[in-house]
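Here the structure comes first, spelled out in structure tokens, and everything after it is commentary.
No lab work stands behind these numbers, since they all come straight from the coordinates. Predicted, not measured: the structure shown is a model, and the values here were computed from it. For neighbour counting, all protein chains shown are included, and Cβ atoms are generated from backbone atoms with ideal geometry for every residue, glycine included.
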Amino acid sequence: MMEPSDKNLALVYDYKGHDGYMPSSVNLGDYIQTLAALQFYPKVDGFIDRDSLIDLQDSHGKAIINGWYHLFDGHRLPENFNPLMVSMNISGFSDNSDFLNVLNSWKRFEPIGCRDENTVKILKEKGIAAYFSSCLTTTFKRVDSARKGVVVSDLLFFKSIFEERGEKVFPINRLIKKKVREFKYSRLLKKIILKTCNYGKNIKYVTHEAPLSLSHEERFEKARELLDVYSKAELVITSRIHAALPCLGLGTPVILVVHSKDISRYEGLEDLFNHIYMKEGVVAIKVDNRGRVVNSDSYKKYAERLTEKCIKYMGG
């Protein structure tokens, strides 16, 4: 980490662990969120760990602060730093002193843009001005290129097939394999896939997990590779919110498939993308007259506002 002073800083993730949070791998979705912010930086002078914001005590610089926060002491922000806080997500809530001290330090930078309505509610209940901003990853833009095939991202009921074959692509007819047939929505997804890319095309499996041993540079590169894969797909089916949300900006049809409706993550966002909540039996998928998945345009108004806000903040 470089010493910050009047610098443009961007977030990285050291995953040091705290208060029971002890990750065993890198979530490349975090780095995708930083890449979304970096679109608006005229230059990058250095990086700061997401969980060490308190280390900015001697800095007078700028940073776009977004992503997930558990709210412990490392998330306190000093008065002399001037961040733009957008697309924030708070997981869980507590009245312990660390939590309240962090929120008190954030109040100076209100109104705070929140990735979900649940975070808006938490902040407002603590007297902090907040609004639903949606996610910064919806501001990605796609460079036109040919689309080909379907990408499956971190769906466990597909993963065993890929591991069994020792390959990262497999024919669509593998969807009728017994292990996948046990998944309640396999027939629906198979029908959608066949409508999307016709018979004979392949499905590619990707993951957002990466080893902690990778450098920040390597993590950013893998995140860029994921975005490139998503931008070239005809359809993405994923359990990862930071695959689903970037796909909106990239114009890639996407379906989020998750076990249950987690209001702390999806409230306010669920109308932006196609989704399946397995536990609740909720299927909300928009298709065109050919039966192909299409995305809603409802994300665009939020993406445009975020773009304007970030450009103005960075002096563009």
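Available extension along the chain between E218 and Y131 is 27.9 nm, counting 0.36 nm per residue and deducting the alpha carbon span. Spin-label model, K261/L38: points 7 Å from Cα along the beta carbon direction are separated by 3.7 nm. For the chain, the relative contact order comes to 18 percent (Cα pairs under 8 Å, sequence separation of at least 6).
The charge dipole of the chain, taken about the Cα centre with unit charges on the Cβ atoms of Lys, Arg (+1) and Asp, Glu (-1), comes to about 2040 debye, rounded to the nearest 20. Using a 7 Å offset from Cα along Cα-Cβ at R142, what residues in the stretch 215-230 end up with backbone N under 14 Å from the label point? Residues 227-230 fall inside that zone. In the chain, the calculated helix contribution to ellipticity at 222 nm averages -9500 deg cm²/dmol per residue, counting -39,500 (n - 2.57) for every DSSP H run with n ≥ 4.
Here mean projected area of the Cα convex hull in nm² was computed from the coordinates, and among (1) 16.4; (2) 19.9; (3) 15.1 the match is (1). Ranking S264, L245, T307 by Cα position along the charge dipole of the stretch 234-313, where only Lys, Arg, Asp and Glu carry charges on their C-beta atoms, puts T307 farthest toward the positive end. Distance check, please: which entries in K121/K301; K159/K300; K43/K141; K43/K301 exceed 24 angstrom between their Cα atoms? Over 24 Å apart, Cα to Cα: K159/K300; K43/K301. Modelled spin labels at E110 and L188, positioned 7 Å past Cα toward Cβ, are 4.0 nm from each other. Report the local net charge at S215: Lys and Arg +1, Asp and Glu -1, summed over other residues whose C-beta lies under 12 Å from its C-beta. With Lys, Arg at +1 and Asp, Glu at -1, the neighbours total -2.
Under 5 Å between amide hydrogens, built in the peptide plane, is the criterion, and for L235 it picks out V151 among residues at least 5 positions away or on other chains. Distance between the pseudo-spin-label points of S298 and K16 (7 Å out from Cα toward the beta carbon): 4.0 nm.
Of the beta bridges in the chain, as assigned by DSSP with both residues counted there, near 25 percent are antiparallel. Taking Lys and Arg as +1 and Asp and Glu as -1, the other residues whose beta-carbon sits under 12 Å from that of C310 total +2.
Mind checking the stretch 272-316 for trypsin sites (Lys or Arg not before Pro) that DSSP puts in a loop (not H, G, I, E or B) and that have at most 11 other Cβ atoms within 10 Å?
Numbers: sites: K279, K286, R290, R292, K300, K301, R305, K309, K312; in loops: K279, K286, R290, R292.
Passing sites in the stretch 272-316 are K279, R290.
Count Lys and Arg as plus one, Asp and Glu as minus one, and take only other residues whose Cβ is under 11 Å from that of I241; the net charge is then -1.
Which of the pairs K126/K312; K232/K309; K62/K107; K222/K312 have their Cα atoms more than 19 Å apart in this structure?
Details: K126/K312 28 Å; K232/K309 28 Å; K62/K107 17 Å; K222/K312 29 Å.
With Cα atoms farther than 19 Å apart: K126/K312; K232/K309; K222/K312.
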